[in-house]
Amino acid sequence: MEHILYKVADDLFMVGFNPPIAGYESFLSSWIYVGDVTFLVDTGPSVTAGALVKALESLGVSRLDYILLTHVHIDHAGAAGDLAVFFPETQVVCHSRGIPHLVNPHHLELSTAKVLGDTAAQYGPVRPVSESRLLPAETFMSNSVMPVPTPGHASHHVSYQTDRYLFTGEAAGACFPGVLGISYMRPSTPPPFYFDISMQSLETLMELKPERLCYGHFGSFEFGERVLWQHREQLRLWESIVTSEISRGQVGLDLELNVLKSILENDPLVLPFLDMEGPLRLRELFYIQNSIKGFIGNASRHSGPLS
């Protein structure tokens, strides 16, 4: 499988994967940090495991101190078991809530198939990780990298900070680079989504005043605090749009479609979607709609069932 190795700095590399899934080019990634310690942030799905190993070998990485997982969704952690076999002395770090799903990934695979359909199968099977290899992020300690609890995209989501870099997973949404910086940004808020919790996680990240953000989807961005501010305002806009459409009596599919229409009319960070075509457009439409469902679910918990 094809991959592209991006050198971001002397000590930081991003592996961009091009899996055999239509529309998923330049969408999945892993981060390699080579400094006083060497670690990997997220592994991608198992279908990308071979490409990730090749990227590590091309950098001369023969050992890893840690495999750090932002969360255990299989597009971020599906290859953790494969990498644990290839690096038999490396500890795998994730939130304690994610550990049972890596030890026995059966439920994880079933829930992923329910949400993603055929894409889940194309991501490949999830190999279990021995419990003895897993460390809970809540008690993980290192002088070089610090876990930062960031629930929101998932209740077990963890970001990781070094002195220069902040690895956000999907705590700050999905962000794709353009010619002049950010071209396209959207929330990653699948159900169940809790707006207040996600906003608090963003505030936590902003307080760190990061120099550079490293996204799971997809790329790295300087002026990290500004990027986080943009995403915070985006979440506020989407929440306002959903609240407004609900107040007009919209429900069900009509509500989802009207929210989508209003977002595309009012959110400049999502506008590049209108120029997307083919499988790429279908991919992003799915994730935008799923994020809208998260916002609607959040609103229904505050206002009661929508009928």
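Each reported figure results from applying straightforward, stated rules to the coordinates on display, with no laboratory input. It should be emphasised that the depicted structure is a prediction, and the values quoted were computed from it without experimental measurement. Positions of Cβ are backbone-derived with ideal geometry, glycine not excepted, and every protein chain shown enters the neighbour counts.
The table below gives the values:
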| item | result |
| --- | --- |
| Percent breakdown of C-alpha pair distances by 5 Å bin, ordered from the shortest bin, for the stretch 214-307 | 2, 12, 21, 23, 19, 13, 7, 3, 0 |
| For S96, residues with placed amide H under 5 Å, excluding near neighbours | A137, E138 |
| Under 5 Å, built H, 5+ apart or other chain: amide partners of G152 | H157 |
| Over the chain - Rg/Rh using Cα atoms and the Kirkwood inverse-distance radius | 0.95 |
| Footprinting exposure proxy for F39, F176, F17 (fewest neighbouring C-beta atoms within 10 Å first) | F176, F39, F17 |
| Part-to-part distance (alpha-carbon centres) for the stretch 52-73 and the stretch 1-25, which is given in Å | 13 Å |
| Prolate/oblate/rounded label for the stretch 120-182 (Cα gyration tensor, a/c 1.5) | oblate |
| Other-chain or far-sequence residues with amide H under 5 Å of L68's (modelled H) | L40, V41, D42, V93 |
| Three-way shape label, the stretch 75-160, alpha-carbon gyration tensor, a/c 1.5 | oblate |
| Charged-residue dipole, Cβ positions (Lys, Arg, Asp, Glu), the stretch 2-144 about Cα centre, Debye nearest 20 | 240 debye |
| DSSP beta bridges in the stretch 1-145 [antiparallel fraction, %, rounded to 5] | 65 percent |
| Rounded to whole Hz, the Karplus (6.51, -1.76, 1.60) HN-Hα couplings of the stretch 71-84, x for glycine and proline | 6, 9, 4, 6, 6, 10, 10, x, 9, 4, x, 5, 5, 5 |
| Longest exposed-site-free window of the chain, the sites being GluC sites (Glu not before Pro) in a DSSP loop that have at most 10 other C-beta atoms within 10 Å | 90-276 |
| Spatial separation of Cα centroids for the stretch 157-231 and the stretch 263-279, in angstrom | 19 Å |
| 20 °C / 1.002 mPa s Stokes-Einstein diffusion coefficient of the stretch 134-251, Kirkwood radius on C-alpha pairs, µm²/s | 143 µm²/s |
| All-pairs alpha carbon distance profile, the stretch 173-237, 10 Å steps from 0, percent | 20, 57, 22, 1 |
| Calculated over the stretch 2-144: convex hull of Cα atoms, volume per residue (Å³) | 99 Å³ |
